[in-house]
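A.B. asks: Submitted below is the structure of interest, expressed as structure tokens.
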Amino acid sequence: MKDFFKLPPKNDFFAYHPEGKYSMLSTAHIVVIVVGIAAILLACFLLRKTEHKKIEKILFVFAIIGLIIDPLYWIWELIATHKIHFEKSLPLYFCSLYYITLAIAVFCKKSGIKQACYAYLATMNLIAGLMGLILNTNLNIWPVLSFAGIRTLVYHLMMIFVSCLLWFTKYYKPQIKDLYGFFIPIAIMFVPAITVNSIWGYDYCFLGGGKGTPILQDISAAMPLFAYIFILYVVIYIGIVAVFYIPTIVKYIKSKKSSTPPPTTDVSAT
């Protein structure tokens, strides 16, 4: 535990350690997970009755931060490693969709597009944020108390905060069309991700076999790539619907039943 409060050596704060000097789920990492999630839940609980105009201002601020955080990372990576690692630095992850969809939702005027983006942010973004916070393989390379370590942890905590904020404040109102709407941003990102993966052998959106990702790489190794991709995204889709949209489906079915007129009796036939 004492190592958590000990700053890394001076040259480690901006250092790059491809040899795996560090590891995720260290004491410091676990403390950040627990404290971070607790702080998010508390903040969202306190903000639950905030008027939506103020929530929009908060989302605006987070959208701006999201848009600049990747360029700042690219600058750091260029300084620290003298090159940009395109195999993992392009904005083609689910985590990248966080700031892309948030910016679109904040600045776009078309209600259908905003709804699809908020559907993604409230659902898949929350799962991606939690997975990225906990199974953060970046921390196998960088220490927690470093620019890259702090950046990746804060970024994923921001993702979780925005998702929770949408639910706690009821700013996001799920609709039946969100059953496919939340998947639209993912499907759109498949196009550049598949293209890049095919040309350079990368693994964006885990479409290359989940290379280096715990569990996913083992599953993909046991079956053809197409089968792995199909099963992965069917499971993701069903999981999102089961966790987030069962009440919406039930409400929709009840509304359809209540709006259906009762059968009329043909008096002339009696």
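A.B. asks: So for each of 150-161, 195-206 I average, over its residues, the number of other beta carbons within 10 Å; can you give me the resulting order with the highest mean first?
C.D. replies: Numbers: 150-161: 20.4, 195-206: 16.8.
Going by the mean number of other Cβ atoms within 10 Å, highest first, we get 150-161, 195-206.
A.B. asks: Now, a different point. Working from Cα positions, state the angle (0 to 90°, nearest 10) between the long axis of helix 184-200 and the longest principal axis of the chain.
C.D. replies: It works out to around 40 degrees.
A.B. asks: A follow-up question, please. Skip the ligands, DNA and RNA, and give the accessible area per residue of the stretch 174-227 with a 1.4 Å probe, whole Å².
C.D. replies: 55
A.B. asks: Within the set of other residues whose C-beta is less than 15 Å from the C-beta of Leu121, count the net charge using Lys and Arg as +1 and Asp and Glu as -1.
C.D. replies: Its environment carries a net charge of +1.
A.B. asks: Something else now. What angle, in degrees between 0 and 90 and rounded to the nearest 10, separates the Cα long axis of helix 124-134 from the longest principal axis of the Cα atoms of the chain?
C.D. replies: Helix 124-134 and the main axis of the chain meet at about 30 degrees.
A.B. asks: Tell me what the chain gives for mean residue ellipticity at 222 nm when only DSSP H runs of n ≥ 4 count, each as -39,500 (n - 2.57), the sum divided by the residue total, rounded to 500 deg cm²/dmol.
C.D. replies: Rounded to the nearest 500, it is -20500 deg cm²/dmol.
A.B. asks: Label points 7 Å out from Cα along the Cβ direction at Thr50 and Ser23: separation in nm?
C.D. replies: The answer from the label model is 3.9 nm.
A.B. asks: Show me 165-171, 100-106, 64-70 ranked by packing, highest mean number of other Cβ atoms within 10 Å first.
C.D. replies: 100-106, 165-171, 64-70
A.B. asks: I'd like to check one number: the per residue accessible area of the stretch 71-157, probe 1.4 Å, reported in Å² as a whole number.
C.D. replies: Spelled out: the 1.4 Å probe surface of the stretch 71-157, per residue, equals 39 Å².
A.B. asks: How much net charge surrounds Lys211 when only other residues with a Cβ under 12 Å from its Cβ are counted (Lys, Arg +1; Asp, Glu -1)?
C.D. replies: -2
A.B. asks: Once neighbouring chains are kept in place and the probe is 1.4 Å, which whole percent of the accessible area of the chain is contributed by carbon and sulfur?
C.D. replies: Roughly 73 percent, rounded to a whole number.
A.B. asks: What net charge is computed for the residues neighbouring Thr248, neighbours being all others with C-beta under 12 Å from the C-beta of Thr248, Lys and Arg scored +1, Asp and Glu -1?
C.D. replies: +3
The values are calculated or read from the model by the stated rules, or taken from the named source; none is laboratory data. Just so it is clear, the model here is predicted, and its values are computed rather than measured. Don't worry about glycine lacking a Cβ; one is built from the backbone with ideal geometry, like all the others, and counts go over all protein chains shown. All accessible areas refer to the heavy atoms of the entire protein, side chains included, with ligands and DNA or RNA removed. Shrake-Rupley method; radii C 1.70, N 1.55, O 1.52, S 1.80 Å.
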